[in-house]
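The values are calculated or read from the model by the stated rules, or taken from the named source; none is laboratory data. Everything numeric in this text was worked out from a predicted model, so none of it was measured. Please note: Cβ atoms are built from the backbone with ideal geometry, for glycine as well, and neighbour counts cover all protein chains shown. With ligands, DNA and RNA removed, areas are computed over all heavy atoms of the protein, side chains included. Shrake-Rupley method; radii C 1.70, N 1.55, O 1.52, S 1.80 Å.
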Amino acid sequence: MRLSRFFLPILKENPREAEIVSHRLMLRAGMIRQQGAGSFSWLPLGKRVLDKVCNIIREEQNRAGAQEILMPTIQSAELWMESGRYDDYGKEMLRITDRHERKMLYGPTNEEMVTDIFRAYVKSYKDLPLNLYHIQWKFRDEVRPRFGVMRSREFLMKDAYSFDLDFEGARAAYNRMFVAYLRTFHRMGLKAIPMRAETGPIGGDLSHEFIILASTGESEVFCHREFLDLPVPGADIDFTDEAEIGGVVSQWTAPYAATDEMHEEAAWKDVPDKDRLSARGIEVGHIFHFGTKYSEPMKASVTGPDGQEHFVSMGSYGIGPSRLAAAIIEASHDENGIIWPEAVAPFDIMLINMKTGDAECDRVCGELYAGLRSAGREVLYDDTDGRAGAKFATADLIGLPWQIIVGPRGVANGEVEIKNRATGERQTLAISAVPGRFGARA
Ligand code: P5A
């Protein structure tokens, strides 16, 4: 993509409404635009990040055996009356009436709707286990929407729902999602720590929040330092092997970890002083086991191997991709701007022409741009006629992992400079060596 054609409305000034660094940088880098209280449009740079985040989530959900569907945002209130949550949910739910005076709502979550899909089709234990997920917008009329897309009213959620014959099956489904979450956040360059959590309006008896440590996080968290070094399973992990998956969950739930709501002073005292990590954290995912809380009132049952009807045992598993885009920035930035981890970067490389209009600089940039793109790299080519200093500032602000800097002096010597955004390291490279250095995307 040529920067001269790319819709990238960069802000020179720090927006006053932004209280935390990710919100400030997302606005300054032209990733998002606020449309109302807790409501945001995603502009091209932001949308590319959001898509990368969603694709990693999707790959890991599929790997763990979940299947993607897409449910509507607007739901019928009747389903929520069946589960009993219509009255319980309170003011966070946006209630709507259609032209026939039918009660509708903008979905804050989808337990009821997916249970309705399940009960319409699945009748036998032989069709279990089943896990259905979608990535869809949600609306929650939060009392205090704040921090940009971190806590907004309309936000994107990946929500998965598992159905099993009994508790053991449901526990295995929970464990698969637990491990899928470890892999998902790890692939985004994040260290997410699973912590026992309250279940709130979703309900149930077992729940973990996945928290990344950041000074601007909304929750206070307490955990053992050991988490920082625990290994995350590789792509070859076998999700059909219950013992292997259970082993990973045991390892990741053994050390102490709790949010302030679940914190126990007595257990905390047992953690040696030097191993205590008390910090602030951002909740990027939350998983729940709630058994028959929805299947019983909504009569979602299957015939078991014993010939009897069994209400299915369920869990639900959420990740906030829009919140994640901000959380990644909280975890990875410096005073000049964003530092994207390669896996979620909106482009791989910023190709900077320091002297647009100079015949040789234009020619070398044109050739590199074409060559890198045909090798499968995503390149943002700064072909604008701005000053070099402003171009470097923009490149650092939007934080692509690599910069290739092409200037008249280097070009005369057959060279360009490459800069690693994360380390700041610079290296001079022969122009002919660039394609080899940035070969095909792994
Ligand atoms: C689990 C999936 C649920 O709603 N039902 C379906 C369960 N869980 S949750 O914890 O309430 O939300 C899941 C994730 O969604 C993100 N999230 C938000 N992101 C931005 N703004 C918000 N206001 C917001 N609320 C929730 C979080 O990442 C959360 O972990």
Taking the stretch 210-223 as the region of interest, how many residues are modelled with pLDDT of 95 or more and over 16 Å from residue 197 (Cα atoms)? 0
Check whether at least one residue in the stretch 323-339 is under 30 Å from residue 123 (Cβ atoms) and out of contact with any strand residue (DSSP E or B) (no Cβ under 9 Å at 6 or more places or on another chain), and report yes or no. no
Restricted to the stretch 268-294, and to residues that are away from the ligand (no atom under 15 Å from the Cβ) and assigned to a loop (DSSP other than H, G, I, E, B), which residue is farthest from residue 132 (Cα to Cα)? 272
Every residue from the stretch 91-102 that is touching a residue at least 12 places away in the same chain (Cβ under 8 Å) and open to solvent by less than 100 Å² (accessible area, probe 1.4 Å): 92, 93, 94, 95, 96
State whether the residues of the stretch 121-132 include one that is under 25 Å from residue 300 (Cβ atoms), within 15 Å of the ligand (Cβ to nearest atom), modelled with pLDDT of 95 or more and outside any strand (DSSP E or B). no
Just checking, which of 141, 229 is open to solvent by 10 Å² or more (accessible area, probe 1.4 Å), more than 14 Å from the ligand (Cβ to nearest atom) and not polar (S, T, N, Q)? 229
Filter the stretch 150-186 for residues that are of a type in the set (D, E, K, R) and closer than 22 Å to residue 216 by Cα; which is modelled with the lowest pLDDT? 151
Restricting attention to the stretch 269-301, the residues that are free of Cβ contacts under 8 Å to residues at least 60 places away in the same chain and either crowded, with 21+ Cβ neighbours inside 10 Å or within 19 Å of residue 208 (Cβ to Cβ) (or both) number exactly 2
For residue 308, indicate whether it is more than 28 Å from the chain's Cα centre (by Cα), more than 16 Å from the ligand (Cβ to nearest atom) and either hydrophobic (A, V, I, L, M, F, W, C) or surrounded by fewer than 23 Cβ atoms within 10 Å (Cβ to Cβ) (or both). yes
Tell me, which residue of the stretch 427-440 that is more than 18 Å from residue 341 (Cβ to Cβ) and part of a loop (DSSP other than H, G, I, E, B) is most open to solvent (accessible area, probe 1.4 Å)? 440
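Which fully enclosed helices (runs of 4 or more DSSP H) of the stretch 311-426 have 3 or more residues being within 16 Å of the ligand (Cβ to nearest atom) and open to solvent by less than 10 Å² (accessible area, probe 1.4 Å)?
In the stretch 311-426, the matching helices (runs of 4 or more DSSP H) lie at 321-331.
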Residue list for the stretch 148-189, restricted to those being within 10 Å of the ligand (Cβ to nearest atom), over 16 Å from the mean Cα position of the chain (by Cα) and open to solvent by 20 Å² or more (accessible area, probe 1.4 Å): 153
Between residues in the stretch 318-343 that are of a type in the set (A, V, I, L, M) and residues that are away from the ligand (no atom under 16 Å from the Cβ) and open to solvent by 20 Å² or more (accessible area, probe 1.4 Å), which pairs lie under 6 Å by C-beta distance while being six or more apart or on different chains? 339/332; 339/333; 339/422; 343/187
Scan the stretch 113-121 and tell me whether some residue there is of a type in the set (Lys, Arg), closer than 23 Å to residue 293 by Cα and touching a Phe, Trp or Tyr at 6+ places or on another chain (Cβ under 9 Å). no
Could you please find all residues in the stretch 27-77 being under 30 Å from residue 236 (Cβ atoms), polar (S, T, N, Q) and without any contact (Cβ under 8 Å) to a residue 40 or more places away in the chain? 55, 62
First in the stretch 144-158 and touching a residue at least 60 places away in the same chain (Cβ under 8 Å), second anywhere and within 8 Å of the ligand (Cβ to nearest atom) and acidic (Asp, Glu), Cβ under 9 Å, 6 or more apart: 151/142; 152/142; 153/142
Taking the stretch 9-20 and keeping only residues that are within 24 Å of the chain's Cα centre (by Cα) and open to solvent by less than 30 Å² (accessible area, probe 1.4 Å), one is left with 18, 20
Which one of 158, 191 is within 25 Å of residue 41 (Cα to Cα) and touching a helix residue (DSSP H, G or I) at 6+ places or on another chain (Cβ under 8 Å)? 158
How many residues does the stretch 109-121 hold that are more than 17 Å from residue 70 (Cβ to Cβ) and free of Cβ contacts under 8 Å to residues at least 60 places away in the same chain? 0
Count of residues meeting criterion [over 32 Å from the mean Cα position of the chain (by Cα) and among the polar types (S, T, N, Q)] in the stretch 80-103: 1
